[in-house]
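Beneath this line is the structure, given in structure tokens, with notes to follow.
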Amino acid sequence: MGRVVIWHNPRCRKSREGFNILKQLAEEKGHTVHMRKYLDDPPSATELRAVLKMMNKSPREILRKQEKIWKEKYKGKELTDDELIEIMAQNPKLIERPIVIFENKAVLGRPAENIKTLFE
């Protein structure tokens, strides 16, 4: 059937929850799951733009504002969406997780139940 991609951080509890739900749903539907450890294999700015479009979200909606790097380098600055996308591509730790992509749709797996909407 189809291939589902999850941008995953195995060290994150919420990301692990999302992965477990995705694995179960994908198996039930006959899809394969491809895990992308996005901290080791960061998405490019082009990939981020495409996924944001699939999610119908702005960069700020998937930005981890509590991360140290954000607070130290970027907090309080007036940044455009394009600048935020470039910053997230260079600092993937700032991308909220997990993000699940299936066909031409993507969702933020927070809460993990959001993942179910991809298969409805």
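So the values come out like this:
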item	result
For the chain, the longest site-free run once trypsin sites (Lys or Arg not before Pro) in DSSP loop states with at most 13 other Cβ atoms within 10 Å are removed	12-64
Cβ charges +1 (Lys, Arg) and -1 (Asp, Glu), total dipole of the stretch 80-120, debye	300 debye
Share, in percent, of DSSP beta bridges within the chain that are antiparallel, nearest 5	60 percent
Cut-off under 5 Å, modelled amide H: who pairs with HIS8 long-range	ARG36, LYS37, TYR38
When the convex hull of its Cα atoms is projected in every direction, mean area for the stretch 1-108 (nm²)	6.6 nm²
Ranking of SER44, SER15 by count of other Cβ atoms within 10 Å, fewest first	SER44, SER15
Of PHE119, ILE21, THR46, farthest towards positive along the dipole that unit charges on Lys, Arg, Asp, Glu beta carbons give the chain	ILE21
Point-charge dipole on Cβ atoms (K/R +1, D/E -1) for the chain, about Cα centre, debye to 20	460 debye
Folded to 0 to 90 degrees: helix 13-29 orientation relative to the chain principal axis, Cα	30 degrees
Straight-distance crosslink candidates among lysines, where the alpha carbon sits under 21 Å from LYS93 and sequence neighbours closer than 8 are dropped	LYS14, LYS37, LYS53, LYS57, LYS65, LYS68, LYS71, LYS73, LYS75, LYS77
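Any read-out appearing in this document is the output of simple, stated calculations on the displayed coordinates, not a laboratory observation. All values reported here derive from a predicted model rather than from experimental measurement. Counting neighbours? That spans all protein chains shown, and the Cβs are built from the backbone with ideal geometry, glycine included.
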